[in-house]
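Data block below; observations after.
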Amino acid sequence: MAVDVVIVGAGSAGCVLASRLSEDAARKVLLVEAGPDYPTLSELPDDIADASQPTLSHDWGYLAEGDSLGQVASLPRARLVGGCSSTNGCFAVRGSPADFDGWAALGNPGWSFDEVLPYFNRLETDTDFVGAYHGSGGPIPIRRHPPEELNQVQSAFIAAAVEVGHPYVADHNAPTAVGVGPTPRNARDGVRMSTALTYLPVARARPNLTIRSGATVDRVELSNGRTTGIRLATGEVINARALLLEQVEEAKRAAFDYYVLVRNAYAQRRNALVNDRTQGTSVDQEDLYHPEGTEAQP
């Protein structure tokens, strides 16, 4: 199989890339995701649709290294089309303008707050505020819970904070917002509005976009030092003119490397256990799911 662009990971960014890049009918795009795909709202599991709280039902199960006390923290990373935008808490709060300006000052052109603001505005439709700092035509709906939708604890917290001197902030996405108030959220009618539900629907019917769920990428294919495509865990090779990896940070890359090592160890152990079974040896089922040597964390 050969395409123009392969996007590895149909997460928050991967779904956006697939939608935008496939706008060009002449560009053949493949979006690859290890987890499942739920194309419509009616097909979503209840916990994936429910915006009231995060969920871990579709998660890779990554864990951080233990500290000196042996305490281990989980590193939630979603495993489905939509990625963490399909499982998170739906808090649509922008970063501090000073942070963006700081990145630009360190030599990263295009990253000042004024330069990224048009993109923030482009992705959203803010139902509460209009103006220079808010979008009105984007695919992701943004709203804040009005006072009548807050529970008693939330209302009491806001009132107490104001009483001790914290300013009330109606819009936490205003550049100078510092204080207490309702959080902007990408939820509508109680449904978590992920990039799978907001960016992909308009693109799914395009003949130049293919979405492959349940497909784990094993490695990037190289030829003469240049990327030529990807190899799936099944052995299938997909050639592409361009390759976009949604997760490229060192920590995520290390987690992926660890996953490959554990998967290979699991496969070796599984084959050994199958051989034991064929020879009449008793095997504990736990041995199959927790192969020796795979307890260590990345």
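The values are calculated or read from the model by the stated rules, or taken from the named source; none is laboratory data. As the structure is a computational prediction, the values presented were derived from the model and not from experiment. Don't worry about glycine lacking a Cβ; one is built from the backbone with ideal geometry, like all the others, and counts go over all protein chains shown.
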Note to self: Looking for something aromatic (Phe, Trp, Tyr) and either touching a residue at least 12 places away in the same chain (Cβ under 8 Å) or loosely packed, with under 11 Cβ neighbours inside 10 Å (or both) - is there at least one such residue anywhere in the stretch 88-99?
What the structure shows: yes
Check: Which ones in the stretch 65-84 are under 18 Å from the mean Cα position of the chain (by Cα) and not charged (D, E, K, R)?
Finding: SER74, LEU75, PRO76, ALA78, LEU80, VAL81, GLY82, GLY83, CYS84
Item checked: Unmet requirement for CYS15, which otherwise passes all of (1) surrounded by fewer than 20 Cβ atoms within 10 Å (Cβ to Cβ); (2) over 14 Å from LEU245 (Cβ atoms); (3) touching a residue at least 12 places away in the same chain (Cβ under 8 Å) -> (1)
Next item on the list: Only residues that are among the β-branched types (Val, Ile, Thr) and more than 22 Å from GLY9 (Cα to Cα): list them for the stretch 84-128, please.
Entry: VAL93, VAL116, THR125, THR127
Margin query: If the requirement is being under 30 Å from VAL5 (Cβ atoms) and at pLDDT 95 or above, which of these qualifies: SER213, SER155, SER223?
Written below: SER213
Check: So which of GLU295, GLU249, GLU236, GLU286 is exposed (fewer than 14 other Cβ atoms within 10 Å of the Cβ), at pLDDT 95 or above and of a type in the set (D, E, K, R)?
Finding: GLU236
Note to self: If I ask for residues that are touching a helix residue (DSSP H, G or I) at 6+ places or on another chain (Cβ under 7 Å) and either surrounded by fewer than 17 Cβ atoms within 10 Å (Cβ to Cβ) or free of Cβ contacts under 8 Å to residues at least 12 places away in the same chain (or both), which ones from the stretch 44-58 would you list?
What the structure shows: SER57
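Residue-by-condition table, conditions (1) in the same structural domain as PHE100 (by TED's automatic domain parsing); (2) loosely packed, with under 13 Cβ neighbours inside 10 Å; (3) closer than 24 Å to TYR119 by Cβ:
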residue	(1), (2), (3)
GLY138	yes, no, yes
PRO141	yes, no, yes
ASN151	yes, yes, no
ALA161	yes, no, no
HIS166	yes, no, no
ALA170	yes, yes, yes
PRO175	yes, no, yes
TYR199	no, no, yes
ALA205	no, yes, no
Notebook entry, point to check: Just one of GLU221, GLU236, GLU163, GLU149 is touching a Gly at 6+ places or on another chain (Cβ under 7 Å) and more than 21 Å from SER19 (Cα to Cα); which is it?
Noted result: GLU221
